[in-house]
Amino acid sequence: MDRPIAYDKLAREDRFIRMRARRVSEIRLEQGLSPFPDLSNQESIKERVHGILVGELQAMEGAGRTVYDFPEAPWEFTMDMARQVWDESRHVEIYVRLLEHLGGYVGEFPETTILWRCACAEDAAARVAGVNRGLEGLACDVFNQLIHIARKIGDPILEQAVDFVLADEITHVRMGSRWLNELTKDDPERRRKAVEFQEAIDERFNLGGIRREGDHEEVPISIATEARKLAGFTDEEIARLIKATQRSPVY
Amino acid sequence: MVAHPLAGHLSVEESAELIRQYRYAEERMMRVMGGWIALTPELSAKLLLGRHVWDCAQHADLWGKRLPELRAPAHVSAPASEAFVRLMDLLESQEGFHQTPERLAGIYEVLKPHLLAAYQDHLAHTNPVYEPPTRRILERIVEEERRHIAAGRVVLSHLITTPAVEARTGEWRRRLEGLLLESGGVSGKPTGDLRGPDVPVDPTAIAQDLARLERPVGRWPVPAELEASVEAHALHLKRRDLQALEDDFAPAYRQAGMATYAPLLAFELATHRIVGLGKLGGHRLVKLRLEGPAGTAVVQLRWAETDGRWRVLEAEVVRTEAAAASS
């Protein structure tokens, strides 16, 4: 196998419908819809859950590739990535079942592959910065919001299942925080590039100002400050993210 | 004659050497399975590999941590022979879209059954007085390998859908088994049957390893008018009715749509079926699988209802395969 593989080698059953993220947003906007599901109704929640499902799938695939692509990395790093593969495989099953719980099915909405593209970064430090800290950090924000919505609409199944996934995600971000530091400890240039990669992902996933600081009732996606602190983000990093969300370009 | 309770089968150094060999097999298998997940289309197989990557990583970790207890450096993997490395190289080589059965057969019908046999044989020969640390690792791994093999076989038999796939997978398994035999196995010192006996496993025990298997979709929830339009469109494509095909596209997309179809129109397409159906706001995304004597094409179409009829706004050929590729 190549190390890494080309991103277009990502294999899917025919029932999955893959599209570019930008194109999906454009088509939604052309129809007068918000660029992303806004969780204002059951259909929108189902679409968000489907988006998370394919994100979990790509996270599993990405962590699996990291296990394969970096045989020279420290053994404990490999162990963390292998553990993440297992966690993500359970998350996929959880979200498949949640999707069905909401009356949906796999393939009901398009799959975009931004997460997978990030998981194809050639440097292990960039991967953990981009995927574990950038995207799994975003997952903390999104899951926190989904738990809030589940509580609000009285869906304990959704609430409890997502809360367990959130606990795992915090662990994955923590792994990312640890390995970003350890893999780059004697190489400031490598660290700078990895952090830049993460910040570019954070910027992109501020979702045109949808992710912001504030209460769940006041902003579309609230930055999960407490979850991020548990995951090893420093106050300074959280402040920088909040600042970035205030100047994020429209997606 | 009854063996002395302190009689041993392997020296400390020999134990460490064997453990490095086990670790090589477990570590390499774990990395290969991790790498394959993205290359494997079927969800049941992806999730199976995903679950077992972590177990295999733990097996490699247990072996790696046992080594310093045997006066050897921790976490060192060492293959028994070049021939065993060649076996692993060959096993890893099946990375094609349609080669999931070969991938699973390599792991669950050849490598894991062999490791299970080797572990069971080792366990039977360990000394119960001074080797319990090794015995405990072996007992745990034996139990997990048995579960993995049983779960892997369930998914593998689900994916063997035609006699051609069965024959192809069987041929691959025999090729790997030949190389395994030639290599002498994980230790390079075969101690009997390299594959070991088949041991039945309680189906409830493997539930944790299996996500649900894919089921054929009986009927997609396609709106009736759209279904009629999709059927007509597929017919136009099969008949190569250019005028009718053009008319199926929204006016602004006619030229681009016909250009997308140009390569398909050179081939005879005999059958079609819907294999995917998605939503994007009010638009519907339909995936059609078209088959003919020369091969298969999968097209993805975005449909919208305009002026009282469904029209294609966008078409993409997502995959084409020669006839032999998917059989």
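For the reader, a short list of remarks on this structure follows.
- Alpha carbon centroid spacing (whole Å) that separates region A:82-127 from region B:70-143: 29 Å
- Simple point charges give the picture: +1 on the Cβ of Lys and Arg, -1 on the Cβ of Asp and Glu, and for region A:15-245 a dipole about the Cα centre of about 400 debye.
- Linear extension gain, residue B:246 paired with residue B:205, 0.36 nm per residue minus alpha-carbon span: 9.2 nm
- Unit charges at the beta carbon, dipole of region B:70-148: most positive-side option, B:100, B:111, B:122: B:122
- For residue B:279, the residues whose amide H sits under 5 Å from its own are A:109, B:285, ignoring neighbours fewer than 5 places away on the same chain, with H placed 1.01 Å from N.
- Spin-label model distance (nm) - residue A:178 vs residue B:182, 7 Å beyond Cα toward Cβ: 4.2 nm
- Highest-fluctuation residue, B:107, B:274, B:37 considered, GNM on chain B with Cα pairs under 10 Å: B:274
- Top of B:271, B:134, B:40 by mean-square fluctuation, Gaussian network on chain B, Cα under 10 Å: B:271
- Taking Cα centre as origin and charging only the Cβ of basic (Lys, Arg, +1) and acidic (Asp, Glu, -1) residues, the dipole magnitude of region B:76-175 rounds to 180 debye.
- Potential lengthening between residue B:189 and residue B:7 on full extension [0.36 nm per residue; Cα-Cα distance subtracted]: 63.4 nm
- Over chain A, dividing the summed -39,500 (n - 2.57) contributions of all DSSP H runs of at least 4 residues by the number of residues returns a 222 nm mean residue ellipticity of -20000 deg cm²/dmol.
- Pairs of alpha carbons in region B:224-322 whose separation is greater than 24 Å (percent): 13 percent
- Taking every protein chain into account, the accessible area of region B:63-170 amounts to 39 square angstrom per residue (probe 1.4 Å).
- Of all DSSP beta bridges confined to the protein assembly as shown, the antiparallel ones make up roughly 90%.
- Burial annotation for region B:20-39: residues with an accessible-area loss of at least 20 Å² between the isolated chain and the complete set of protein chains, computed on heavy atoms with a 1.4 Å probe, are B:23, B:30, B:31, B:34, B:35, B:37, B:38, B:39.
- Counting protein heavy atoms only, the protein assembly as shown has 54 percent of its accessible area on carbon and sulfur, 1.4 angstrom probe.
- Neighbours of residue B:275, meaning other residues whose beta-carbon lies under 10 angstrom from its beta-carbon, give a summed charge of +2 when Lys and Arg score +1 and Asp and Glu score -1.
- Relative to the longest principal axis of the Cα atoms of chain B, helix B:112-125 runs at roughly 10 degrees.
- With the simple model of a label 7 Å out from the Cα in the direction of the Cβ, residue B:139 to residue B:232 spans 7.1 nm.
- Dipole in debye (nearest 20) - chain B, about Cα centre, beta carbon charges: Lys, Arg +1; Asp, Glu -1: 380 debye
- Probe 1.4 Å - accessible area at residue B:9, Å² to nearest ten: 100 Å²
- Chains A and B, summed buried accessible surface - 1.4 Å probe, Å², nearest 100: 4300 Å²
- Cα centroid separation, region B:14-54 to region A:1-65 (Å): 27 Å
- Value at 222 nm in deg cm²/dmol, rounded to 500, when DSSP H runs of n ≥ 4 in chain B each add -39,500 (n - 2.57): -16500 deg cm²/dmol
- In nm, spacing of pseudo-spin labels at residue A:160 and residue A:44 (7 Å Cα→C-beta vector): 2.8 nm
- Folded to 0 to 90 degrees: helix A:188-204 orientation relative to chain A principal axis, Cα: 10 degrees
The values are calculated or read from the model by the stated rules, or taken from the named source; none is laboratory data. Bear in mind that the values here come from a model prediction, so they are computed numbers and not experimental data. Positions of Cβ are backbone-derived with ideal geometry, glycine not excepted, and every protein chain shown enters the neighbour counts. Just the protein is used for accessible areas: all its heavy atoms, side chains included, with ligands, DNA and RNA removed. Shrake-Rupley method; radii C 1.70, N 1.55, O 1.52, S 1.80 Å.
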